Amino acid sequence: MKKFLLLIMTIFSFRVLAETSPKNAYALAKEGKAVIIDVREADEVKGGMIDEAKWFPLSKISTNQNWKEDFKKVTEGKQIFLYCRSGNRSGKVMEILKENNIKSENIGGYETLKHELPIKR
């Protein structure tokens, strides 16, 4: 039973992971071909953000009726990569974007990404 659960969890985790690695997403952002969006809240970003990331919190999407217009200004038609603290909220944002015909990828959580990518404070 444990092996079966492990297999199911492994299969599920591959479906949730981004097609693009965080390092490749960062390289695309540096080249101006993509944008990395931090969906964490203001108190969380005080501790640092991924370099090149733009801040667009989940709360803005949840409460602001004009969020799509503002989001389009931030993303400028580029490939979109999302992250939060652990990857859960960025997954929620990815689903909201999908419902609004906006393609994005969840590259995970800051707690992991800060060890892989340059950060700014």
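Residue count for segment 1-48, restricted to those that are among the small types (Gly, Ala, Ser) and modelled with pLDDT under 55: 1.
Being touching a residue at least 24 places away in the same chain (Cβ under 8 Å) and out of contact with any Ser or Thr (no Cβ under 7 Å at 6 or more places or on another chain): is that true of Glu105 here? The answer is no for Glu105. Checked against (1) free of Cβ contacts under 8 Å to residues at least 40 places away in the same chain; (2) surrounded by fewer than 13 Cβ atoms within 10 Å (Cβ to Cβ), Lys120 meets all criteria but (1).
No other residue among Leu113, Leu97, Leu82 is within 10 Å of the chain's Cα centre (by Cα) and within 24 Å of Gly32 (Cβ to Cβ) apart from Leu82.
Is segment 72-95 home to any residue that is out of contact with any strand residue (DSSP E or B) (no Cβ under 7 Å at 6 or more places or on another chain) and among the hydrophobic types (A, V, I, L, M, F, W, C)? Taking every residue of segment 72-95 in turn, none turns out to be out of contact with any strand residue (DSSP E or B) (no Cβ under 7 Å at 6 or more places or on another chain) and among the hydrophobic types (A, V, I, L, M, F, W, C). Among the residues making up segment 65-103, those that are outside any helix (DSSP H, G or I) and surrounded by 13 or more Cβ atoms within 10 Å (Cβ to Cβ) are Lys78, Gln79, Ile80, Phe81, Leu82, Tyr83, Cys84, Arg85, Ser86, Gly87, Ile102. Filter segment 43-64 down to the residues that are assigned to a helix (DSSP H, G or I) and free of Cβ contacts under 8 Å to residues at least 24 places away in the same chain and list them by number. Answer for segment 43-64, where residues must be assigned to a helix (DSSP H, G or I) and free of Cβ contacts under 8 Å to residues at least 24 places away in the same chain: Asp43, Val45, Ser59, Lys60, Ser62, Thr63. Residues of segment 58-113 that are acidic (Asp, Glu) and farther than 20 Å from Ala25 by Cα: Glu69, Asp70, Glu99.
The values are calculated or read from the model by the stated rules, or taken from the named source; none is laboratory data. Quantities reported herein were computed from a predicted structural model and do not represent experimental measurements. When we count neighbours, we look across all protein chains shown, and the Cβ atoms used for this are built from the backbone with ideal geometry, even at glycine.
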